[in-house]
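Beneath this line is the structure, given in structure tokens, with notes to follow.
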Amino acid sequence: MLDKVQELQQYVNSFSATSLEELEDFRISFLGKKGKVTLLFNEFRNVPNDQKKEFGGQLNKLKKSAQNRIIELKQGISSSQNHSNLDIDLTAPAQPYELGSRHPISIVKNEIIEIFSSIGFSISEGPEIEDDWHNFSALNFPENHPARDMQDTFFISKEIALRTHTSSVQVREMENNQPPIRTISPGRVFRNEAISARAHCFFHQVEGLFIDKDVSFGDLKQTLNYFTKKMFGDSAKIRLRPSYFPFTEPSAELDVSCTICNQKGCNVCKYSGWLEIMGCGMVDPNVLDNCNIDSTKYTGFAFGMGIERIAQLKYQVNDLRLYSENDLRFLDQFKNANY
Ligand code: PHE
């Protein structure tokens, strides 16, 4: 009987397998219910008493070494299989790495910021949920005045609304700083409009403010002329048309010569040769006084433009909804932009 154990022990020591199936057959034939080792355990009661101790010890050893051999061989097989699965062609060309692109609104916003930063404007930001004071009252919108209807407002309560323009940020800047103030306020604004190709319930603005001693309408015109040429190229011309805003006096609308048809006439400029791009004007003295700036000492100009509008003209995007639909066919086209 002991011989039998030793024989099996030798077999275990020399056994090797090249596949998991082979190994499993080995396990079943040795350690399975009817396996050789299991059967020997069943023989135990037939062993004479004086040999029981030694037989038992040898048998346990055999069982252990069969188990260890299985574990050992299993590891060898799986690591060599991993190797053979590694069938990489190291000479194959690499997979192209897909680069994302910036959103056109970010591209144009960054470009506007860059132009104004280069002439000394700082960047200011403020909350999208505003109180009546910062969005309207401080900006000289009289209570119940129809001018408040110029901007269809999403009210949260009587006093709180989603800001309709980033002029609200400029009020905060004036309240917290004394002139000279030279700042632009980029940000998202909200108006209660039905969504169509030409209108949306939210869009983006950059508004600008410059307050110091002796700031004149000429400064306003030169600054915006400089901006327009940087944005649309040296051949771009501007014109100012009188307009009305409660917070500026005098107020104007700024047009740029049509960049699409070079003023020959096209359907974007409606054959006028001009495109409206922003509102502007000299800050109304009431606004300065509301923000604790001495209107007898200081004057200033302000302007505000829609980023979507500038992007529309730069990239000839005719439907405002494209900016917020996340359509990759649209967004992929801005990969070459520098900003
Ligand atoms: N706040 C105005 C708007 O949202 C734009 C504007 C800003 C006009 C500054 C004049 C001066 O339409």
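Points to keep in mind about this one:
- For the range 164-231, the relative contact order works out to 32 percent when only alpha carbon pairs closer than 8 Å and six or more residues apart are counted.
- In the range 2-84 the Cα-Cα distances spread across 10 Å bins starting at 0 as 17, 46, 24, 10, 3, 0 percent of all pairs.
- Looking at the chain, the pairs of alpha carbons with a distance over 39 Å make up 45% of the total.
- Spatially close Lys pairs in the range 104-334, defined by Cα atoms under 24 Å apart and a spacing of eight or more places or different chains, total 23.
- The chain: angle of helix 2-14 to the longest principal axis, Cα-based, in degrees nearest 10: 40
- Relative contact order of the range 104-334: 21 percent, from C-alpha pairs under 8 Å at least 6 residues apart in sequence.
- Other-chain or far-sequence residues with amide H under 5 Å of residue 189's (modelled H): 203, 204, 205
- Relative contact order, percent, the range 1-111 [alpha-carbon distance under 8 Å, six or more residues apart]: 31
- Cysteine residues of the chain whose C-beta has no other cysteine C-beta under 4.7 angstrom: 201, 280, 291.
- Estimated [θ] at 222 nm from DSSP helical runs (n ≥ 4, -39500 (n - 2.57)) normalised by residues in the chain, nearest 500: -12000 deg cm²/dmol
Since every read-out is calculated from the coordinates, none of them should be taken as a lab result. Keep in mind the model is a prediction, meaning the values are calculated, not measured. As a convention, Cβ positions derive from the backbone with ideal geometry for all residues, glycine included, and neighbour counts pool all protein chains shown.
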